[in-house]
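Below you'll find the structure, written out as structure tokens, and then a few comments.
Computed from the coordinates by the stated procedures, all read-outs in this text should not be read as laboratory data. Just so it is clear, the model here is predicted, and its values are computed rather than measured. FYI the Cβ positions are ideal-geometry reconstructions off the backbone, even for glycines, and counts take in every protein chain you see.
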Amino acid sequence: MRHFSEANQFGLPALASTTAPAIHFGDVARRNFLTLHTDIPTRDQVDGLFTTHDEAAVSIYLPTEPSSPGHPEQIALKNLVTEALHQLQEAGTPRKDLLALEEELSDLIGDTEFWRFQARTLAVFATPTSMVTYRLPNRLLEMVAVADRFHLKPLLRSITFPQVALVLAFSQNTARLLEVLPDGGPREVSLPGLPSGFRESVRIVHVDDRSPRGKTQSSMAEKSHLRAYCRSIDSAIRSVLAGRDVPLILAVAEPLESIYRSINSYPHLAPKTLTGNPERTTDGELAERSRSILDELYDSYLVELHDLFDRRQSEGRAGMDVADTARAATYGMVDTLIVDIDSVIPGAIDDDGMVEFSDVDDAIAYGVVDEISRRVWLQGGRVLAVRRDQVPGGGDLAAILRYTF
């Protein structure tokens, strides 16, 4: 994997151009309800990327800034596209395929409207007949890869640990939902149906959470009203977050915390709460405190994963050998695969799962680990892309099997 910044030699459009917005095949502009314009792919979409096979498959990862007007990113993409075309030309790619790639990637570079809406990394996957783009919340390293399949390990990193959370901050007087990103300030999410406070949701004679007074706050009538208020918030959350797996962190005081947890229907509610009065806490403070909770969630997840690996290894259902894992992946035996996001092992795997290792230039981005990941994914397994020190055993990969050989 290399970084490139060569001058344009393929006639790409001048960046001052105001080319009309183009429709990019496969980029369905899934700008979700969150204010950061992210397009995290679904499993079906990743299936499509994994099953794409083309002698001129181009994978590009480009760091972007949401606040940028897009011009620096356009220049950077132009350089990466130029390098990709050079590599394909040197590999003997037919001229018609080069021209087709040049045309669709040039349209993307010149699409000024597209560049107005970015996240932390832009991922581009192109062949001479199609192109897909994803705006990712993670900041990934800039790179370009050319092979007969797409290089997807960095993309899987965004799916494994997106480093995004939602903070639901509410009291009896206010309610707001914040989006917390890997870096930068938080953004308030416009959530249809979210009550702006208790009185908007429930009519009650007397409730005052600013100075709670024991028995008054604990009365059955008032608890019933508070429960109705929490249900209205949960309903608003459920209507928009259905099918998502973004952690939801509460910023709320008692008794609302306990009541909300008792009626919550969102499956990814974090167990730890940001305590204190959210009315007196700024969005920035909530975001900073929530990131530590998010880190704890991921650390806990990794600890549980390592513990599971150790148990399964003692049962003969886990291992770290690349060749064994390749064979297991071929026959659908791998339940969970943990891979080093930066690992590159040159070689190929045949239809029977036998690995032929090779000694070639390490700039080749698609190799044995990528192919094992593809086979596990397409067999319905989980593929987690992590840093090397997070892989059980600290190697290129670790696999938890569904059953033994």
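Key figures for this structure:
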quantity: Summed side-chain charge close to Ala385 - residues other than Ala385 whose Cβ falls under 14 Å, Lys, Arg +1, Asp, Glu -1; calculated: +1
quantity: Hull volume in cubic angstrom per residue (convex hull over the Cα atoms of segment 125-198); calculated: 122
quantity: Long-range amide H partners of Ala251 with built H, under 5 Å; calculated: Leu168, Ala169, Phe170, Leu274
quantity: Nonlocal amide H pairs with Gly347, under 5 Å, H built at 1.01 Å; calculated: Ser358, Val368
quantity: Computed over segment 281-405: relative contact order in percent, which uses C-alpha pairs under 8 Å that are six or more apart; calculated: 34
